[in-house]
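J.: First the structure, which I've put down as structure tokens, then a few questions once you've had a look.
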Amino acid sequence: MKPRSIVLSTRGMSLLKKRGWQVALTTVMLAGLVFTAVAGWIGTPIGSRNFAIAFVWIGWFAALIIFLIPFIGRGWCSICPIPTVGDWVQRGNVLNPQGSRPRGLGLRVPAIFRNMWTQNAAFALLALFSAAILTSPRVTSVTLASMVFLAIGLSLVFERRAFCRYVCPMGGFVGLYSQVAPIELRVTSLERCAACQTKACYNGSANGYGCPWGVFPASLTRNNFCGLCLECLRTCPNKNITLRTRPFAADLAMPSTRPDEAFKSLIMLGSAMVYAAVLLGPWSAFKNAAFSIGSLAWITYAGVFLMLVLGLLPGSLWLVGRLSQRFTPGVEGTRTNPSARAQSPFAVFATPLVPLGLAFWVAFSLTFFLTNGSYVLSSISDPLGLGWNLIGTAGVTWQPMLAGAIAPLQTAILVGGFIWAARVARRVTTQVRLPSTPLIGFLFLPTVAMLWLLI
Amino acid sequence: MRLREHAARLAILVVVAAAGLIPLAAWLRTPLVHARMAESGGWGPDVLHARAGKPLLVRLTSDDVVHGFAVGLSDAPAVDVLPGKVSQTWLEFDQPGTYTFYCTRWCGPNHWRMRGTIEVEGVKTEGTATVSPPLFQVLGIDLDQPHPAATTPAVVPDPQRGAQVAAEVAPPPTLSLDAYRSHSPADVWRTWRADASLSGLTDAALWDLVAYTYNSQLASADRDDAARLFAANCAACHGERGDGQGVFAEALVQSEPDSGADSSMGHSADATRPADFTDSEAMLGASPALLHGKILRGGMGSGMPMWGAILTDAQIWKLVNLLYTFQFDGESGP
């Protein structure tokens, strides 16, 4: 499918360029975040009845994984309320860049942190405490508030959105899987960018702020680091940037060679499996260990989790890459290219983990939502647990939805994800001239494990 | 341009502040009584205030497991307090005073500690009943001292055989209510053993007669009510068979590291182990007045709660009568 502009009319494009709707939408989201944090703190501590848990972790999270990320990629980031206050504080303005007086130190993020390792660590940390975060309203409340304040703090110290780009655990997650979305923001003509004198998309102008993500749009080849904030649409003096549709997973045609991204994929894959085991599995000892934060059982659980996502999975993938190289004639080090063998295809081999990991998360979230979705209805009607019945659904009792369809759906998603990942694996292995079978074999094992965990 | 910016800032401030303040205000204006397991704090608040003759709306929610709410010495039915949901009940008190509310569900090992008070203010009306001292005080019984039976039967007494014995003895020995309440079965057995008119009975037959006499104190009409009271309030610790092996018994003992192994009516240093009503030495040495006092006042430092503020005097006597059936009804209990 040839990419085409998603916003066809000039009127639609000019609407997209206006900041007002985005500020309004973000404000609504911010109000929702504040409400959620307050409800989490003062509402009932019963997670299934508290708005902060039921709406955020059952409703919003499922919507994010199942619909938003696969179809509009980082669309959520464009209205995410977490960095908003930091943005406003840093810019000294909420609407118009003209006349704004930037506050804060405006430092560049040190080079050592300009990668995804911090995000990886943040997500792993969040995952270690996920049992508490996903079930305790107050922990959710504190987590959300902490992220807002951390974003404000980083906005005052560093330039642009350091939090979103380098720290936000959800941002890394969304960014990774946004590569499969059939939507992208790209420049239409690289030549026009090269000729542009102002580079207003990066530096900002009277029409908009310089890219908050620190990305020069002409260099965008993948969705990972474009937060769809749409500022470049507003600043580009040449109308050279557009939002357009594309085939699913187009970004994966160009495999990443970054180990931090590879680890991100592996952490996400392993986390989905651990979440499925803890939150949906029947093993009470495992569940109790995940909940008993600080206990010996929890330390063991944390050790197993970290060993899986940082040791077993990456180690296996690295080994698969090495063995593929070793037993493939022509890629051994040669006199003319002695370093060929030294370069592990580890990061490239992690590329098919993107569709596979997304399938894992969709399967997990779908089950989680279909099983617990009825809690969302009751919590919306009585969000603070004060005995209200705002929309008449406070009395809805727990009732799994489409119980009979869950297993076939999960199977279809996981098998579909595996087939998709295998196709990506064949493509990337062809690009690096290595056999695809070992990598597909590697993908098969966690798929079977996830099928066993969920079904 | 500046005007738009200021207007936007104001609008954002209003919307975001409203999102935080409206729920906060609603929360402050909706007082709830929170039920939590005793280990997590019990009732919160644990003191409610009311005025005599004026209805009080109590809205309850549980922060952990299913609890129940009831007011002691009241006929009002218990209200289930469900996790994350709000239950409500109206209370009205005729007389000022301090009333006790409590949990009616076996919510945890320290379930019985889930108590609170309702301070009712107002003016006492005429005709208020005077309170007489409990029998154990009148008789000068020291509840905290052991009262073991001087003698115990070699076999478990059988009230049915006792009924046959009573039919055969002419005239059968009788026990007034006062005498029953102030004497232990062992006391009665000894008195009757010394009675020349009963000298023809064997020791075992005399025990059967005592068993029949004590069991007869629990009218058949009261038996179900007594069993229900026992199941709701006592069985969690003392066990459904009265053997001190209730579901929370071990947890209570483990919570007190100094606990020993004895389980005889709190007579030993093992203060936290629930009393074993099948222990013949302890039970046959205990008078109904002693048992009544234990229930009424509680264990004073042992795990036994004070029930005087919750159960009526009639309910406590029913329970006392029921407790002897653990001795005299063998394995079956009540």
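J.: If you place +1 on the Cβ of every Lys and Arg, -1 on the Cβ of every Asp and Glu, and leave all else neutral, what size is the dipole of segment A:4-251 about its Cα centre, to the nearest 20 Debye?
T.: 580
J.: Counting only C-alpha contacts under 8 Å and six or more residues apart, can you give the relative contact order of segment B:17-171 as a whole percent?
T.: 21
J.: Next up: Among all the lysines, which ones have a C-alpha under 30 Å from B:Lys54's C-alpha, if same-chain residues fewer than 8 places away are not counted?
T.: Within the straight-line limit of under 30 Å, B:Lys54 reaches these lysines: B:Lys85, B:Lys124.
J.: A further question follows. Are there trypsin sites (Lys or Arg not before Pro) in segment A:11-91 that DSSP marks as loop and that have at most 16 other Cβ atoms within 10 Å, and which are they?
T.: Sparse-neighbourhood loop trypsin sites (Lys or Arg not before Pro): A:Lys18.
J.: If you scale each eigenvalue of the Cα gyration tensor by 5 and take the root, what three semi-axes come out for chain A, rounded to whole angstrom and sorted largest first?
T.: On the way: eigenvalues 220, 213, 84 Å².
The answer is 33, 33, 21 Å, longest axis first.
J.: To continue, here is another question. With 5 Å bins from zero, work out the P(r) of segment A:263-454 over every alpha carbon pair and list the percent per bin.
T.: Taking all Cα pairs of segment A:263-454, the binned fractions are 1, 8, 13, 14, 14, 13, 12, 9, 6, 4, 3, 2, 1, 1, 0, 0 percent.
J.: If I model a spin label at B:Leu177 and B:Leu139 as a point 7 Å from the Cα along the Cα→Cβ vector, what separation in nanometres do I get?
T.: The two pseudo-label positions are separated by 1.5 nm.
J.: Expressed as an acute angle from 0 to 90° and rounded to the nearest 10, what is the orientation of the C-alpha long axis of helix B:2-29 relative to the principal long axis of chain B?
T.: 10
J.: Relative contact order of chain B, please, whole-number percent, based on alpha carbon pairs below 8 angstrom and at least 6 residues apart.
T.: 16
J.: Moving to a separate point now. If I fit a long axis through the Cα atoms of helix B:288-297 and take the longest principal axis of the Cα atoms of chain B, what angle between them do I get, 0 to 90°, rounded to 10?
T.: The answer is roughly 10 degrees.
J.: What net charge is computed for the residues neighbouring A:Ala131, neighbours being all others with C-beta under 15 Å from the C-beta of A:Ala131, Lys and Arg scored +1, Asp and Glu -1?
T.: +2
J.: Net charge near A:Ala350: determine it from the other residues with C-beta under 10 Å of the C-beta of A:Ala350, scoring Lys and Arg +1 and Asp and Glu -1.
T.: +1
J.: While we're looking at this one, here's another question. Counting C-alpha atoms alone, how compact is the protein assembly as shown: give Rg to one decimal and Dmax as a whole number, in angstrom.
T.: 36.8, 127
J.: Turning to a different aspect of this structure: If each residue's Cβ is checked for other Cβ atoms within 10 Å, how do B:Ser220, B:Ser87 rank with the fewest at the top? Before the final figure, lay out each step's value.
T.: Details: B:Ser220 7, B:Ser87 20.
In increasing order of surrounding Cβ atoms, one gets B:Ser220, B:Ser87.
J.: If you place +1 on the Cβ of every Lys and Arg and -1 on the Cβ of every Asp and Glu, how big does the dipole about the Cα centre of segment A:263-454 come out, in debye to the nearest 20? Display every interim value, and only then the final one.
T.: Details: 10 positive and 2 negative charges, 182 e Å.
Dipole about the Cα centre, nearest 20: 880 debye.
J.: Cysteines without a disulfide-compatible partner in chain A, using Cβ under 4.7 Å as the rule?
T.: Isolated Cys, chain A: A:Cys77, A:Cys80, A:Cys164, A:Cys168, A:Cys193, A:Cys196, A:Cys211, A:Cys226, A:Cys229, A:Cys236.
J.: Near the amide H of B:Arg105, under 5 Å away, which other amide H atoms are found, from residues 5 or more places off or on another chain, if H is placed in the peptide plane?
T.: The list, which skips near neighbours in sequence, is B:Gly68.
J.: Still on this structure, please answer the following. So what's the net charge close to A:Thr44: Lys and Arg +1, Asp and Glu -1, counting the other residues with Cβ under 14 Å from its Cβ? Mind dumping the intermediate values first?
T.: On the way: positive: A:Arg49, A:Arg138, B:Arg36, B:Arg59, B:Lys85; negative: A:Asp382, B:Asp63, B:Asp64.
Charge balance near A:Thr44 sits at +2.
J.: Could you pull out every one of the aspartates and glutamates with an alpha carbon less than 20 Å from that of A:Lys287, ignoring same-chain neighbours closer than 8 positions?
T.: Partners found: B:Asp64.
J.: Continuing with this model, one more query. Please list, in chain and number order, the residues 5+ apart from A:Ser205 or on another chain whose amide H is under 5 Å from its amide H, with Hs placed from the backbone.
T.: When sequence neighbours closer than 5 places are left aside, the close amide H contacts are A:Gly210.
J.: What number, in nm² with one decimal, is the all-direction average of the projected area of the convex hull of the alpha-carbon atoms of segment B:92-235?
T.: If you wrap the Cα atoms of segment B:92-235 in a convex hull and average its projections, you get 13.2 nm².
J.: As I understand it, the dipole of the protein assembly as shown uses +1 on the Cβ of Lys and Arg and -1 on the Cβ of Asp and Glu, about the Cα centre. Which of A:Trp57, A:Ser374, A:Val94 lies farthest toward its positive end?
T.: A:Val94
J.: Restricting to Cα pairs below 8 Å that are 6+ residues apart, what does the relative contact order work out to for chain A? Please round to a whole percent. Could the numbers behind the result be given before it?
T.: Details: 765 pairs, mean separation 84.4, N = 455.
Computed value for chain A: 19 percent relative contact order.
No value in this document is a laboratory result; all are computed from the given coordinates. Quick caveat, the model's predicted, so the values are computed rather than measured. Cβ atoms come from the backbone with ideal geometry, glycine included; neighbour counts cover every protein chain shown.
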